[in-house]
Each structure stands twice: as structure tokens, then as C-alpha cells.
1. How many of the residues in segment 88-102 are crowded, with 23+ Cβ neighbours inside 10 Å and assigned to a helix (DSSP H, G or I)?
2. Mind listing whichever residues of segment 145-160 are surrounded by fewer than 16 Cβ atoms within 10 Å (Cβ to Cβ) and more than 17 Å from residue 96 (Cβ to Cβ)?
3. Given the conditions (1) surrounded by 15 or more Cβ atoms within 10 Å (Cβ to Cβ); (2) modelled with pLDDT of 95 or more; (3) out of contact with any helix residue (DSSP H, G or I) (no Cβ under 7 Å at 6 or more places or on another chain), and given that residue 185 satisfies all but one, which numbered condition is not satisfied?
4. Report whether or not residue 78 is closer than 30 Å to residue 156 by Cβ and not assigned by TED's automatic domain parsing to the domain that holds residue 199.
5. Identify the single condition in (1) outside any helix (DSSP H, G or I); (2) within 22 Å of residue 34 (Cβ to Cβ) that residue 139 does not satisfy, given that it satisfies every other one.
6. Within segment 161-169, identify whether any single residue is in contact with a helix residue (DSSP H, G or I) (Cβ under 6 Å, 6 or more places away or on another chain) and either surrounded by fewer than 16 Cβ atoms within 10 Å (Cβ to Cβ) or in a loop (DSSP other than H, G, I, E, B) (or both), and answer yes or no.
7. Does residue 149 satisfy the criteria of being touching a helix residue (DSSP H, G or I) at 6+ places or on another chain (Cβ under 8 Å) and outside the structural domain of residue 196 (by TED's automatic domain parsing)?
8. Any idea which of (1) within 17 Å of residue 187 (Cα to Cα); (2) surrounded by fewer than 19 Cβ atoms within 10 Å (Cβ to Cβ) is the one residue 142 doesn't satisfy?
């Protein structure tokens, strides 16, 4: 996939998010520490064999304190992907207007994956998400909740290309893009990381390309 960008091309501005408070940052650090402990236990023993009590004990917390930060152990796994949707949106808004909505989406997902280090070291988390039906279902629900976040930017890009632009089309395109990512994740985990995640993503998105846009992603 080409990474060259024409800096003369404009991209839609986004209002900066509010800065986190000191309390927010402290809470985030504790959540990250709990998550690191939990992931170590999940990898050592298997997700289903690890209890909340074991995670709390290894993290030096009480069971009650654990629940102040995570409602369930499934939420510890999903914590890793909380910011992924907004990160994709940030990348999408930064893409040149010359790119079609689909091409920009493909490159934005790649940028977000790379920035999060997922192709390098995200396989254990992705494998748990893909391999646990309950976590996978909740992850898909989260992706559905992201659709309205993308509606304005995707609609804008569709309109720039002279395509029919409305929320329904924007939501459909967003859902299709994340579905391609899920297909890539499935193939990646099934190969135990031997196949290249980004190549799998490109292949999946190029397969859908004929009904979504006019430019390829490779």
C-alpha cells in the first residue's frame, strides 16, 4: 500500500478532544497495569482458566477494587481496543480529499493498526477476541457503536466524489470496512500470525472495492 501523501490536498479538520484530568490519567494507568497483569495470566493459563480473583491478587488489588476499573474480565481484553475506532477516525480525517472514501478508510485502518503496534505485537489480544464468542460479540457491538462517529466524514467524502451521500450509505461503508478488518483478523489468527495482517487487510478491502470506490488500496 502506498504511503505517499500529497500535502497540497486538504483534509477535514477535527476539534481537538478535551485534555484528560490528572484523575483520568491515574485511572488510565491503573487500568493499563491491570490489563498487563491479566494478559500475562491469560497467555500463561488460557482466558477461561483465569478468574477475576486471580487477576486482582496478581495486580495487588482486592476483588472490589478490580471492579472499580473493569466490570468483567472480558472488559480487560476489550480495553485494548477502546481507542481504536477514534484513532481510525483521526487517521481518516487526515487523509487527502483526493482519495475515495473507501481508499481513505483502508489507509486509515492501516495507519491506526500500525500506530497501535497491532501487526507487531497484537496477536495475543486479537486471538482472544476472535476465539471467545462472548468477547467477539461485544467487540462487534462496539464497532456498530462507532458508525455514527464516522458518518459526517464518510458522507463528506462521498459527496466530494459526486456519489450519493447520506447516513445510510456512510454507515454501510463503515460497517463494510470494519467487516474487512474482522476477516483479516480471523485469517491472521488462524495462521498463528504467519500471514501478514496488513496484506490480509488489503486483500479483503480490495475484494469489496468494486462496489465501494474507484481506487485500489495496494
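1. 4
2. Within segment 145-160, 145, 148, 149, 152 qualify.
3. Every condition holds for residue 185 apart from (3).
4. On the way: closer than 30 Å to residue 156 by Cβ: yes; not assigned by TED's automatic domain parsing to the domain that holds residue 199: yes.
The answer is yes for residue 78.
5. Only one criterion in (1) outside any helix (DSSP H, G or I); (2) within 22 Å of residue 34 (Cβ to Cβ) is unmet by residue 139, namely (1).
6. For segment 161-169, residues in contact with a helix residue (DSSP H, G or I) (Cβ under 6 Å, 6 or more places away or on another chain) and either surrounded by fewer than 16 Cβ atoms within 10 Å (Cβ to Cβ) or in a loop (DSSP other than H, G, I, E, B) (or both): present.
7. Details: touching a helix residue (DSSP H, G or I) at 6+ places or on another chain (Cβ under 8 Å): yes; outside the structural domain of residue 196 (by TED's automatic domain parsing): no.
No: the conditions fail for residue 149.
8. (1)
The values are calculated or read from the model by the stated rules, or taken from the named source; none is laboratory data. Quantities reported herein were computed from a predicted structural model and do not represent experimental measurements. We place every Cβ from the backbone using ideal geometry, glycine too, and count neighbours over all the protein chains shown.
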